[in-house]
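Asker: After the structure tokens below, expect a handful of questions from me.
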Amino acid sequence: MTSTLVQSPAWRRLQNHAQALRPQRIDGLFERDPDRAAEFSASSAGFHLDYSKQLIDRDGLTFLLALAQQQRLPEWIARLAAGEAINSTEGRAAAHMALRAPAGSRMNVQGADVVPMVQQVLARMGGFAARLRNGEWRGFDGQTITDVVNIGIGGSDFGPRMVCEALREQADGPRMHFVSNVDGAEIGGLLPRLDPARTLWIVTSKTFTTQETMTNARTARSWLLQHAGQEAIARHFVAVSTNRAEIERFGIDAANMFEFWDWVGGRYSLWSAVGLPIMVSLGAERFGELLAGARAMDEHFISSPLDRNLPVLMALLAVWNFNFLDHGTQVMAAYAQRLEKFIGWLQQLELESNGKGVNRDGEEMACRTATVLWGDVGSNSQHAFFQMLHQGPRVHPVDFILPLQAMPGLEEHQNLMIANCLAQSAALMKGKTAQRVREELSAKGMQGEALEEAIPHRVFAGNRPSNTLLLPRLDAWHLGALLALYEHRTFVESVIWEINAFDQWGVELGKQLAQDVLKAMDGQDQGLDPSTLALLEKIRLNRA
Ligand code: F6P
């Protein structure tokens, strides 16, 4: 069966409306409605979202909101917030909002209040982080810990790594390192820089069976045991996981386990014990601010009307751009160097959540899902892929993210960041006509054939949509709110597409086949396809 979404009245109406709007220009919409910038924007939690540079008008917005109602978005938001088991293929809730619920509040997951146990783990994390940070926690020979390494991958790496990077100016704990790739170059490059007596390893894995993480963890353990006895493991290894049995099997004392729960999805987990590296590096207070910012965005998401709701608006505009205007991919341009790792985190969030070919009922999707997300920080990206954004044949909508506060004493740099960010979105919208190019080149003295040949290369079509998201500063609080904003945006898209955003079966087949390939490398017949067998043979012959 195929999903009937694309035949629904709200979908059809949007298709018709897109037909009508497609020939129009965004700058033309401004001419007709000078108040457009005020009307097509929304603010909350210190954030200001300007979506006036989208090819959308009042009717379009009304029809998108009608689609959200048709898809019962308010009901789904309530179900998410109530901790219902909306991850239907795994029979679990997706209760990441409970991780940032304040002490003393109540949040149920499948009927039971989980806030007390969340707070208990937070308190244990805080106690452990404080002991590491104040030097009370000692290594096997009595020295303090100078370096902490988080071993994890996917959701057990992206979130804490990104937050530690984004807030690194505020880091005042031990040096923090991250190892995720099973490529020995990562851990192999790090070990010579570490002192086994002064290094603590956090092994973070929801399942505690992930091949890459367990391989890196075993390598770290062997390295420690080359320098110390078995008893040193208790002083140098802690685990963050849902799987107590596997932790004990690995040899980590259960007393050194920081627990989270199956209702926390990997890509939604940085707010849980998975955030331990953040607490160690920045302290419990900063971690609390991160949670508080996320909570402010949760409250906005749960209680604001849909037409003022930032995650809802951003998701509906993404659906508009991809499903109705048929634009290419979603570009992220964060005008903040410290958000360099944000896009990797966001890619897992969006593509693991919404990269699905069937809806919740297992019916084949008849429309595109998952906004293919990519990008980099501005202004660097202006010197890389912005050429394509301005003049490439396909339109790729952009989210410009712009924190306003300058680094102390570097105001001139921030002025340039702001100017560049706004200039790019304006250029994408306005473009440059052949007539204007002709005038500019003629004024410089170019004429005749040379002029005619030059013109097409210098024309910008314009009419390329973008959002601009302003935030006052990139501190823990606003970072928390920013991440929660994109989490909720992802969820809203999934509701529109009728997708379960919280499973990820698509990563399983590759994991299984990697085991088969490993066995085949040992000479066991695994029934692999001829191409893979030929590659294995080539590898065998060429491997040093
Ligand atoms: O990539 C698949 C995945 O299951 C992610 O969803 C998860 O974040 C990652 O692997 C790591 O899993 P774990 O935390 O169990 O090691």
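Asker: Select from region 492-507 the residues that are closer than 17 Å to residue 373 by Cβ and away from the ligand (no atom under 16 Å from the Cβ) and write down the one among them that is surrounded by the fewest Cβ atoms within 10 Å (Cβ to Cβ).
Answerer: Looking at the filtered set, the residue picked out is 497.
Asker: Looking at (1) within 30 Å of residue 201 (Cα to Cα); (2) within 16 Å of the ligand (Cβ to nearest atom), which is the only condition residue 90 fails?
Answerer: Evaluating residue 90 over (1) within 30 Å of residue 201 (Cα to Cα); (2) within 16 Å of the ligand (Cβ to nearest atom) leaves (1) as the failure.
Asker: Name the helices (runs of 4 or more DSSP H) wholly inside region 231-327 in which the number of residues that are touching a Lys or Arg at 6+ places or on another chain (Cβ under 6 Å) is 1 or more.
Answerer: Those helices (runs of 4 or more DSSP H) span 284-303, 310-319.
Asker: Please go through region 336-355 and give me each residue that is under 26 Å from residue 393 (Cβ atoms) and of a type outside the set (D, E, K, R), ordered by number.
Answerer: Selection gives 343, 346, 347, 351, 354, 355.
Asker: Answer yes or no: is there a residue in region 267-276 that is touching a Leu at 6+ places or on another chain (Cβ under 6 Å) and of a type in the set (Phe, Trp, Tyr).
Answerer: Yes, there is a match, as at least one residue in region 267-276 is touching a Leu at 6+ places or on another chain (Cβ under 6 Å) and of a type in the set (Phe, Trp, Tyr).
Asker: Surrounded by fewer than 22 Cβ atoms within 10 Å (Cβ to Cβ), in contact (Cβ under 8 Å) with a residue 60 or more places away in the chain and among the polar types (S, T, N, Q): is that true of residue 304 in this structure?
Answerer: Considered against the rule, which asks whether it is surrounded by fewer than 22 Cβ atoms within 10 Å (Cβ to Cβ), in contact (Cβ under 8 Å) with a residue 60 or more places away in the chain and among the polar types (S, T, N, Q), residue 304 comes out as yes.
Asker: Collect the residues in region 368-409 that are farther than 13 Å from residue 338 by Cα and of a type in the set (Asp, Glu), keeping them in residue-number order.
Answerer: Once the filter is applied, which keeps residues that are farther than 13 Å from residue 338 by Cα and of a type in the set (Asp, Glu), region 368-409 yields only 399.
Asker: Give region 212-224 a look and list any residue that's more than 16 Å from the ligand (Cβ to nearest atom) and either among the hydrophobic types (A, V, I, L, M, F, W, C) or exposed (fewer than 14 other Cβ atoms within 10 Å of the Cβ) (or both), or say none.
Answerer: Matches in region 212-224: 222, 223, 224.
Asker: Same structure again: Restricting attention to region 508-544, and to residues there that are within 16 Å of the ligand (Cβ to nearest atom) and surrounded by 11 or more Cβ atoms within 10 Å (Cβ to Cβ), which single residue is nearest to residue 268 (Cα to Cα)?
Answerer: 511
Asker: Now for a separate question. Can you pull out the helices (runs of 4 or more DSSP H) entirely within region 409-473 that have at least 3 residues that are without any contact (Cβ under 8 Å) to a residue 60 or more places away in the chain and in contact with a helix residue (DSSP H, G or I) (Cβ under 6 Å, 6 or more places away or on another chain)?
Answerer: Working: elements: 411-430, 434-443, 448-458.
It comes to 434-443, 448-458.
Asker: How many of the residues in region 188-210 are charged (D, E, K, R), more than 16 Å from the ligand (Cβ to nearest atom) and touching a helix residue (DSSP H, G or I) at 6+ places or on another chain (Cβ under 6 Å)?
Answerer: 0
Asker: May I pose another question? Among the residues of region 75-129 satisfying the criterion of being more than 23 Å from the chain's Cα centre (by Cα) and basic (Lys, Arg), which is surrounded by the fewest Cβ atoms within 10 Å (Cβ to Cβ)?
Answerer: Looking at residues that are more than 23 Å from the chain's Cα centre (by Cα) and basic (Lys, Arg), I get 106.
Residue-by-condition table, conditions (1) touching a residue at least 24 places away in the same chain (Cβ under 8 Å); (2) in contact with a helix residue (DSSP H, G or I) (Cβ under 8 Å, 6 or more places away or on another chain); (3) at positive phi; (4) more than 13 Å from the ligand (Cβ to nearest atom):
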{"site": "226", "(1), (2), (3), (4)": "yes, yes, no, yes"}
{"site": "233", "(1), (2), (3), (4)": "no, yes, no, yes"}
{"site": "238", "(1), (2), (3), (4)": "yes, yes, no, yes"}
{"site": "246", "(1), (2), (3), (4)": "yes, no, no, no"}
{"site": "251", "(1), (2), (3), (4)": "yes, yes, yes, yes"}
{"site": "283", "(1), (2), (3), (4)": "yes, yes, yes, yes"}
{"site": "290", "(1), (2), (3), (4)": "yes, yes, no, yes"}
{"site": "294", "(1), (2), (3), (4)": "yes, yes, no, yes"}
{"site": "298", "(1), (2), (3), (4)": "yes, yes, no, yes"}
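Asker: If you scan region 160-187, which residues turn out to be among the small types (Gly, Ala, Ser), more than 16 Å from the ligand (Cβ to nearest atom) and either under 25 Å from residue 376 (Cβ atoms) or part of a helix (DSSP H, G or I) (or both)? Break it down stepwise before answering.
Answerer: Start the filter on region 160-187 by keeping residues that are among the small types (Gly, Ala, Ser), which leaves 166, 171, 173, 180, 184-185.
Next, from what is left, pick out any that are more than 16 Å from the ligand (Cβ to nearest atom): 166, 171, 173, 184-185.
Residues satisfying the conditions are 166, 171, 184, 185.
Asker: Need at least 2 residues that are farther than 30 Å from residue 106 by Cα and in contact with a helix residue (DSSP H, G or I) (Cβ under 6 Å, 6 or more places away or on another chain) per element, so show me which helices (runs of 4 or more DSSP H) inside region 23-87 make the cut, counting only ones lying wholly within it.
Answerer: 26-32, 58-70
Asker: Take the residues in region 122-159 that are within 16 Å of the ligand (Cβ to nearest atom) and assigned to a helix (DSSP H, G or I), then tell me which one is nearest to residue 254 (Cα to Cα).
Answerer: 156
Asker: Tell me the residue from 393, 397 that is touching a residue at least 60 places away in the same chain (Cβ under 8 Å), out of contact with any Cys (no Cβ under 6 Å at 6 or more places or on another chain) and farther than 20 Å from residue 73 by Cβ, please.
Answerer: So the residue among 393, 397 that is touching a residue at least 60 places away in the same chain (Cβ under 8 Å), out of contact with any Cys (no Cβ under 6 Å at 6 or more places or on another chain) and farther than 20 Å from residue 73 by Cβ is 397.
Asker: Moving on to the next point. So residue 371 ticks every box in (1) assigned by TED's automatic domain parsing to the domain that holds residue 332; (2) modelled with pLDDT of 95 or more; (3) assigned to a loop (DSSP other than H, G, I, E, B) but one. Which box is left unticked?
Answerer: It fails just one condition, (2).
The values are calculated or read from the model by the stated rules, or taken from the named source; none is laboratory data. Fair warning: this is a prediction, and the values are worked out from it, not measured in the lab. We place every Cβ from the backbone using ideal geometry, glycine too, and count neighbours over all the protein chains shown.
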